[in-house]
Amino acid sequence: MNTSTRSGKASRLAVHVLLAAGALLMIMPFLWMISTSFKSFADSMSIPPKWLPVEWHLDNYLRVIQTIDFGTYYLNTVIVTLGRTVGQLVLCSLAAYSFASLRFPFKNAIFLALLAVLMVPSQVVMIPSFVIMREFNWLDTFYVLIVPGIFSAFGTFLLRQFFMTLPKDLEEAAKIDGCSYFRIYWNIYLPLSKAVLVSLAIFTILASWNDLLWPLIMTSSEDMRVLSIGISSFQGQHSTDYPLLMAGALMATLPIIILFIFLQRYFIEGIAMNGIKG
């Protein structure tokens, strides 16, 4: 075995060791959450901290369901997440196709204005948004939780950049065959964009599933609360019930983890394609 071969194997081994250490570092908070969800309150506050519970309290998950209206919060979260995700995929893809392929006055200026939205923190417009929603009589309804969330400057920019990389010959051939703009968008652009659409869907699902500030301000009744608000109720002003908090967080996180496991191939492909073609 020559020196170059040995050095190559050593380099790959070092890379794998670093990756394994990084993966372990990233997964440690999740493992701590699982462990704490089975602890008693006293056990969770012990000093020094203990990785494994002294006594396993499986009833913490049942207490979460009994303490808050977990089923209603869960259903509301699913409805809001689906509404926002479907809305963003439709509106962002239509807007992105318009910016990528159509010609209309002030297109570049409008696109720059859209990009400027990315530099404005959402907290800055929270009060004006609240006033607008109140004038629409949308407060404490699904309208206020879904409709403002279906507009995304980031999603439009992401899809537009991908659409710009698609061969123009396909569009020109479709026009010669008499296809309308919508048929080109529906039959050519969307089928070629499955990976990037899945990437946008995952980003949207994560943002909507974890959204706390907007639902907290725009809703007031228990029937319209979402999971993030329900879980935050375990965190009090003077004390926090960490076992219930971690049990609720784990129950809320598992569906997202399972979804990502099934869609990770498309997600990675979408990110890679944008990185290579962008």
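In table form, for the structure just shown:
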read-out	value
Residue 170 vs. criteria closer than 16 Å to residue 85 by Cβ and among the aliphatic types (A, V, I, L, M)	no
Test: residue in segment 162-172 that is farther than 24 Å from residue 203 by Cα, open to solvent by less than 60 Å² (accessible area, probe 1.4 Å) and over 22 Å from the mean Cα position of the chain (by Cα)	yes
Number of positions in segment 203-225 that are among the hydrophobic types (A, V, I, L, M, F, W, C) and open to solvent by less than 10 Å² (accessible area, probe 1.4 Å)	1
Lone qualifier among 63, 12, 84 - being open to solvent by 70 Å² or more (accessible area, probe 1.4 Å), assigned to a helix (DSSP H, G or I) and in contact (Cβ under 8 Å) with a residue 12 or more places away in the chain	63
Qualifying residue in segment 32-42 (condition: at pLDDT below 90, surrounded by 10 or more Cβ atoms within 10 Å (Cβ to Cβ), out of contact with any Phe, Trp or Tyr (no Cβ under 8 Å at 6 or more places or on another chain) and among the hydroxyl-bearing types (Ser, Thr, Tyr))	yes
Subset of segment 109-161 [open to solvent by 50 Å² or more (accessible area, probe 1.4 Å) and farther than 27 Å from residue 226 by Cα]	109, 110, 112, 113, 119, 157, 161
Filter result for residue 188 (of a type outside the set (Ser, Thr, Tyr), in contact with a Leu (Cβ under 6 Å, 6 or more places away or on another chain) and open to solvent by 30 Å² or more (accessible area, probe 1.4 Å))	yes
One residue from 19, 94 being open to solvent by less than 80 Å² (accessible area, probe 1.4 Å), more than 26 Å from residue 228 (Cα to Cα) and in a helix (DSSP H, G or I)	94
Criterion: under 31 Å from the mean Cα position of the chain (by Cα) and of a type in the set (S, T, N, Q) - qualifying residue of 40, 35	35
Output for segment 208-241, where each listed residue is in a helix (DSSP H, G or I), free of Cβ contacts under 8 Å to residues at least 60 places away in the same chain and small (Gly, Ala, Ser)	232
Pair list, Cβ < 7 Å and 6+ apart or interchain, from segment 115-143 residues that are farther than 14 Å from residue 213 by Cβ to residues that are hydroxyl-bearing (Ser, Thr, Tyr)	140/219; 140/220; 140/221
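The values are calculated or read from the model by the stated rules, or taken from the named source; none is laboratory data. No experiment lies behind these values; they were computed from the predicted model shown. Ideal geometry is used to build each Cβ from the backbone, glycine not excepted, and the neighbour counts take in all protein chains shown. SASA here: full protein model, heavy atoms, side chains in, ligands and nucleic acids out. Shrake-Rupley method; radii C 1.70, N 1.55, O 1.52, S 1.80 Å.
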